[in-house]
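What follows is one structure encoded as structure tokens, with my remarks underneath.
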Amino acid sequence: MKCFSLPSLSVPTLAILPQCAVTVRVSLANRFSQLHESDSVIRSVAKTRAARNGGAFDTETAVVEKPQLESLFQVSTGYPSPFGATVRDGGVNFAIYSLNALSATLCLFTLSDFQNNRVTESIPLDPLVNKTGGVWHVFLKGDFSDMLYGYKFDGKFSPLEGHYYDSSRILLDPYAKVIISRGEFGALGPNGNCWPQMAGMVPSDHDEFDWEGDLPLKYPQKDLVVYEMHVRGFTKHESSNTKFPGTYLGVVEKLDHLKELGVNCLELMPCHEFNELEYSSYNSVQGDYRVNFWGYSTVNFFSPMIRYSSAGIRNCGRDGINEIKLLIKEAHKRGIEVIMDVVFNHTAEGNENGPIISFRGVDNSIYYMVAPKGEFYNYSGCGNTFNCSHPVVRQFIVDCLRYWVTEMHVDGFRFDLASIMTRSSSLWDATNVFGAPIEGELLTTGTPLGSPPLIDLISNDPILRGVKLIAEAWDAGGLYQVGTFPHWGIWSEWNGKYRDTVRQFIKGTDGFAGAFAECLCGSPNLYQGGGRKPWNSINFICAHDGFTLADLVTYNSKHNLSNGEDNNDGENHNNSWNCGQEGEFVSPLVKKLRKRQMRNFFLSLMVSQGVPMIYMGDEYGHTKGGNNNTYCHDNYLNYFQWDKKEESSSDFFRFCCLVTKFRQECESLGLDDFPTSERLQWHGRFPGRPDWSDTSRFVAFTMVDSVKGEIYVAFNTSHLPFTITLPERPGYRWEPLVDTSKPVPYDFLTPDLPGREIAIQQYAHFLDANMYPMLSYSSVILLRTPDQNA
């Protein structure tokens with residue numbers, strides 16, 4: 001997710017930052033103490049316009065009631081389950097949970113009335129008839145063509161008690177399957193409103209999609225090669241030449257690129273409904289407007305991001321749903337699984353200064369972690385924290401995940417700031433969660449739990465247990481669980497320690513040889529003791545937040561001025577090295593070294609046990625100009641540049657494709673368990689003599705492979721070249737395959753490469769002596785082949 005600046009967090013942390021703020025600054029000042037006690041005064045405060053970075057958004061609902069002479073619908077009691085709007089018995093059942101509301105009203109809109117800010121019909125719910133427990137429900141029959149809906153709730157408006165009920169607001173149903181507001185990405189609402197009224201689509205029994213027999217691919221996780229992609233950024237650049245740039249359909253047009261690269265798992269950055277105009281403001285540095293480009297600020301978890309579809313709000317969003325379904329179906333046809341990046345740690349409603357659009361107005365104290373005086377805990381760094389361990393909330397999350405698996409056919413999930421899901425809920429106590437007290441169970445809100453109920457529920461769910469589950473095992477409150485995330489034997493983790501160690505070793509930092517070797521083995525130091533396997537480690541060197549691969553070897557420091565925050569945002573510790581000169585305009589020698597380092601990084605990723613993840617654009621060397629926090633840019637910084645990819649087709653992109661293919665051909669580079677001495681041997685400059693000292697910058701190993709016979713892999717991250725002695729293999733000789741120090745195309749010697757024999761012959765005298773010369777900052781792969789002269 002986007003990077004932020006945080007002081008040390010205490011519990012509870014009050015979330016008082018303006019909703020549109022970019023760099024998150026947590027303050028302990030109690031803003032609620034400034035509010036008057038009476039509900040009427042507090043309501044008045046909440047309905048004012050809040051200034052937002054030079055712009056403004058209106059927190060008041062601007063929808064009027066349309067005079068209605070008679071009901072358009074036949075109304076009856078309804079059913080308390082399932083939650084949401086559900087087609088059944090010739091009508092639609094509406095059910096929503098709000099324990100603390102005193103009254104509820106279902107609001108229905110025709111699409112034309114919605115676009116004119118008018119409610120078509122309001123149906124008040126009788127708490128004696130239309131309420132079961134904490135669930136409000138009603139059943140309607142009638143014509144639901146192009147019909148939308150929302151709810152009004154009334155009750156106590158008392159932030160000091162954690163309640164934000166306001167009967168003037170029309171709220172989104174958390175279970176709505178499509179959210180309708182603006183139809184075009186980046187376009188303002190009426191009167192320049194960044195937060196226009198939103199509503200959910202009323203489903204019909206005519207909503208169909210032809211899956212053509214699509215079934216889950218169910219690849220073993222050890223065989224995955226993951227590609228992190230931003231849907232809009234992948235094809236929005238004009239050089240993509242797609243019919244529908246920046247959309248789900250645009251991605252479909254370019255799926256063959258992923259096949260060529262060797263990718264078999266697509267990890268989509270957030271595609272749940274979010275508001276890209278959340279902190280819209282003019283950026284004088286860039287001369288454009290800042291947007292929430294990455295999407296880590298969810299409005300609704302069931303609805304796909306409609307403005308990523310070419311159809312927009314046409315057909316009340318149904319066509320948009322079908323577009324993301326088409327993307328998933330077409331990916332599966334090409335042998336590519338699809339994983340969703342989901343953000344169940346916070347929502348777009350932010351802190352008490354944020355908009356009231358759904359969860360907060362439905363039942364704030366249920367859906368968010370709040371302190372006894374109503375303050376918002378801020379373990380997400382984004383203003384609020386989803387109350388994941390609460391029984392209602394965790395069931396909501398499981399229902400949502402099940403929906404995306406069963407209805408949308410996704411193959412798994414990557415959970416943003418997943419450590420928040422392991423924290424205790426507001427008003428945590430064993431009786432509330434488990435039904436009975438547990439001795440010694442006295443926990444404050446947000447305490448990390450050894451057996452968090454949400455993770456338990458997901459891990460043992462009969463549907464979700466069979467999909468990929470990946471945790472970003474840390475949060476903004478200082479909880480870091482890489483290697484210790486509660487896993488039930490099935491959860492994997494983004495291995496941030498792998499990223500940091502590989503970056504340090506490849507750039508030549510002393511003291512990392514042993515740690516780098518652990519990374520090559522799948523991080524057994526992190527996962528073996530807990531009973532997990534190498535594939536529980538998602539290995540990555542770059543991701544959406546942080547430097548791209550090209551920038552990792554081009555910049556020593558971040559260059560984030562274009563974000564408009566005086567370079568104060570983003571991570572300051574990047575473990576990068578510019579290879580001697582900062583920036584893009586450097587000497588030819590520095591450029592050569594940078595290309596070599598990019599090859600070294602990619603090779604290390606592909607020869608490591610575990611699951612490799614590639615970040616979009618790294619395969620051709622995409623640069624963001626040293627900006628390591630591009631969350632707010634809807635421009636070339638975040639767009640995949642297809643013209644640059646074509647320029648790289650015979651250079652770095654070729655190398656990436658060949659190395660990925662080599663990994664998939666090797667039986668030994670995607671093991672189901674950690675390698676042992678039966679097939680793995682470590683070497684130094686001389687066979688069988690590895691150097692694990694603090695000054696060592698050389699790591700080499702041989703691996704017995706049932707397909708390739710045996711491979712030899714070596715990394716020299718020293719500034720000095722030297723000649724290595726290869727292991728003796730009587731009757732065999734070593735033949736070079738990869739050498740990152742060689743010019744293109746001799747960095748990877750394919751069987752059909754013109755001049756291949758000549759290239760090998762140049763090193764024949766070394767190979768005859770069982771030796772090989774390695775330049776500084778280079779890596780090699782050699783294959784054991786029969787010695788024809790033996």
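The values are calculated or read from the model by the stated rules, or taken from the named source; none is laboratory data. Because the structure is predicted, anything quoted here is derived from the model rather than measured. Positions of Cβ are backbone-derived with ideal geometry, glycine not excepted, and every protein chain shown enters the neighbour counts. Areas reflect the complete protein model, heavy atoms only, side chains present, ligands, DNA and RNA absent. Shrake-Rupley method; radii C 1.70, N 1.55, O 1.52, S 1.80 Å.
Just a few scattered comments:
- Filter pass, Asp363 being under 22 Å from the mean Cα position of the chain (by Cα) and modelled with pLDDT of 95 or more: no
- Every residue from region 366-420 that is open to solvent by 10 Å² or more (accessible area, probe 1.4 Å), aromatic (Phe, Trp, Tyr) and assigned to a helix (DSSP H, G or I): Tyr403
- Number of residues in region 536-572 that are open to solvent by 50 Å² or more (accessible area, probe 1.4 Å) and on the phi < 0 side of the Ramachandran plot: the value is 7.
- Scanning region 526-552 for residues that are over 16 Å from Ile339 (Cβ atoms) and in a helix (DSSP H, G or I) gives Leu526, Tyr527, Pro534, Leu549, Ala550, Asp551, Leu552.
- Residues that are small (Gly, Ala, Ser) and open to solvent by 10 Å² or more (accessible area, probe 1.4 Å), drawn from region 622-647: Gly625
Results for (1) in contact with a helix residue (DSSP H, G or I) (Cβ under 6 Å, 6 or more places away or on another chain); (2) within 18 Å of Asn193 (Cα to Cα); (3) surrounded by fewer than 24 Cβ atoms within 10 Å (Cβ to Cβ); (4) not small (Gly, Ala, Ser), shown as yes or no for each residue.
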residue: Ser284; (1), (2), (3), (4): no, no, yes, no
residue: Arg290; (1), (2), (3), (4): no, yes, no, yes
residue: Gly295; (1), (2), (3), (4): no, no, no, no
residue: Ser303; (1), (2), (3), (4): no, no, no, no
residue: Tyr308; (1), (2), (3), (4): yes, no, no, yes
residue: Ala311; (1), (2), (3), (4): yes, no, yes, no
residue: Arg314; (1), (2), (3), (4): no, no, yes, yes
residue: Gly320; (1), (2), (3), (4): yes, no, no, no
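- Cys579 vs. criteria more than 30 Å from Phe386 (Cβ to Cβ), without any contact (Cβ under 8 Å) to a residue 40 or more places away in the chain and surrounded by 21 or more Cβ atoms within 10 Å (Cβ to Cβ): yes
- Every residue from region 299-318 that is assigned to a strand (DSSP E or B) and not aliphatic (A, V, I, L, M): Asn300, Phe301, Phe302, Ser303, Pro304
- Of Phe139, Phe153, Phe144, all but one fail to be over 30 Å from Gly670 (Cα atoms) and either outside any strand (DSSP E or B) or without any contact (Cβ under 8 Å) to a residue 12 or more places away in the chain (or both); the exception is Phe144.
- Whenever a residue of region 676-698 is outside the structural domain of Val780 (by the TED database) and within 17 Å of Ala515 (Cβ to Cβ), it has no partner that is open to solvent by less than 50 Å² (accessible area, probe 1.4 Å) and of a type in the set (Asp, Glu) lying with C-beta atoms less than 7 angstrom away and at least six residues away or across chains.
- Those residues of region 140-160 which are touching a Gly at 6+ places or on another chain (Cβ under 6 Å) and open to solvent by 20 Å² or more (accessible area, probe 1.4 Å), in sequence order: Lys141, Leu160
- Close pairs (6 angstrom Cβ cut-off, 6 or more residues apart or separate chains): more than 14 Å from Met421 (Cβ to Cβ) in region 432-458, modelled with pLDDT under 90 and open to solvent by 30 Å² or more (accessible area, probe 1.4 Å) anywhere: Pro437/Thr431
- When the criteria are applied in full, Leu726 fails the requirement of being under 24 Å from Asp651 (Cβ atoms) and surrounded by 18 or more Cβ atoms within 10 Å (Cβ to Cβ).
- Members of region 322-340 found to be in contact with a strand residue (DSSP E or B) (Cβ under 6 Å, 6 or more places away or on another chain) and assigned to a loop (DSSP other than H, G, I, E, B), listed by number: Ile336
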